[in-house]
Amino acid sequence: MTKRDKKDPSVTNSLQPTRRDRFLPAELLGISAGLGVFVGLIVLIATREFILAGVALGIAFILSLVLMALFALAFKPTAAEVEDIHEQDAEAQEKAAGHGDAAKPSVERDDRRGRDDGPRGH
């Protein structure tokens with residue numbers, strides 16, 4: 001049982017994603033698809049070439065999707081999100097501290113000479 005499970009239910013319920021948070025990826029896909037179709041139609045009307053319009057649609061869709069996702073990542077997290085991030089970091093550090101093997105330096109063996117070179121980085 002983690003610290004998060006021991007919290008008051010009113011606190012943990014507030015950490016659940018809202019409907020808006022859950023539908024954000026679909027919203028980004030829809031806006032990007034709309035922009036892609038718009039560009040594709042403009043190119044189709046201007047050139048009357050379906051292949052060129054399809055290429056323009058695909059490029060506009062992918063470019064707008066990437067840019068929308070980057071803009072979505074640029075928003076500052078709320079206080080509850082920051083608290084949740086810090087709790088997850090603390091839990092990960094506790095798990096890492098429990099595994100002593102991860103902190104040991106790696107020793108590589110030089111098979112050509114048959115000797116250990118010790119820890120890397122010398």
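Of ALA33, ALA72, which residue is of a type in the set (Gly, Ala, Ser), at pLDDT 90 or above and outside any strand (DSSP E or B)?
Details: ALA72 fails: at pLDDT 90 or above.
Only one candidate passes the filter, namely ALA33.
Among all residue pairs at least 6 apart or on different chains, which show Cβ distances below 8 Å where the first residue, located in region 71-82, is surrounded by 10 or more Cβ atoms within 10 Å (Cβ to Cβ) and the second is in a loop (DSSP other than H, G, I, E, B) and of a type in the set (A, V, I, L, M, F, W, C)?
As it stands, the answer is ALA80/LEU15, since those pairs meet every condition given.
The values are calculated or read from the model by the stated rules, or taken from the named source; none is laboratory data. Keep in mind that this is a model prediction, so the values were computed, not measured. Don't worry about glycine lacking a Cβ; one is built from the backbone with ideal geometry, like all the others, and counts go over all protein chains shown.
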